[in-house]
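The values are calculated or read from the model by the stated rules, or taken from the named source; none is laboratory data. Since we're looking at a predicted model, the values are computed, not measured. Glycine also receives a Cβ, built like all others from the backbone with ideal geometry; neighbour counts cover every protein chain displayed. Areas reflect the complete protein model, heavy atoms only, side chains present, ligands, DNA and RNA absent. Shrake-Rupley method; radii C 1.70, N 1.55, O 1.52, S 1.80 Å.
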Amino acid sequence: MLDGHPRILADLRARLAEPQRVYHGQAHIDALLEAFRAHRATVRNPDAVELAIWFHDAVYQPGAPDNERRSAALLRVLLEGAVPAPTLAAAETMILATERHAVPDGLPAALAADVALFLDLDMAILGAGRAAYDGYAAGVAREFVPVVGEAAYRQGRAAFLRGALASGRPLFVTDRARAELEGPARSNMRRELAALGR
């Protein structure tokens, strides 16, 4: 989708190489793009999903409350008029949905299905094998500890993990992701929580 926009692609790659990123960098985007290709046949608007993958972490400062909104705004600034308006709007909806990792109410069924798939692709690392999950957890820690400090990070991360595990809500949106990833994800998160000593 972005092959015809080399300057935008170069800008995104430079952003993804920023020094504050450990997990939220190019490797994360590449993994999502690879997973997306495996599901492409089921996607209603593949261009929108691909744009959402590239842009959802385009603005990333650990701990900032507006990364998602700023990333969505950057998408619109850089691509408005360059891609069809419905595709741009769908990608923007997907990026904003990562703020709460939930499909917004009232979306048309086709868009809701694409948002659900995109969210599950983004969260699939939770249900990855032990080594991949541990690499993700270590990467997130390396992003946040310099900003908030070790003690505050451990406390906040433990609170996030406990809350997600105890919420009574599935971690994933689609039936397929729930069947394949929910159990391994909960096991990984419980293991991380125990390692945090919280």
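Relative to the longest principal axis of the chain, what angle (0 to 90°, nearest 10) does the C-alpha long axis of helix 150-166 take?
80 degrees
With unit charges on the beta carbon (Lys/Arg positive, Asp/Glu negative), name the residue among 29, 1, 89 whose Cα is farthest towards the positive pole of the charge dipole of the chain.
After comparing all options, I get 29.
What percentage of the solvent-accessible surface of the chain, computed with a 1.4 Å probe over protein heavy atoms, is contributed by carbon and sulfur atoms?
55 percent
What does the helix-only formula give at 222 nm for the chain: each DSSP H stretch with n ≥ 4 adding -39500 (n - 2.57), the total divided by the residues, and the result rounded to the nearest 500 deg cm²/dmol?
After summing the helix terms and dividing by residue count, I get -22000 deg cm²/dmol.
Dipole size in debye (nearest 20) for the chain around its Cα centre, Lys and Arg Cβ +1, Asp and Glu Cβ -1?
Dipole size: approximately 640 debye.
If you take the charge dipole of the stretch 102-198 about its Cα centre, with +1 on Lys and Arg Cβ and -1 on Asp and Glu Cβ, which of 172, 110, 152 is farthest toward its positive end?
The residue sitting most towards the positive pole is 152.
Most mobile of 98, 42, 174 per a Gaussian network model of the chain (Cα springs, under 10 Å)?
Answer for the Gaussian network model of the chain: 42.
Roughly speaking, what is the stretch gain from residue 11 to residue 38, that is 0.36 nm per residue apart minus the C-alpha to C-alpha distance, in nm to one decimal?
Length difference between fully extended and current span is 7.1 nm.
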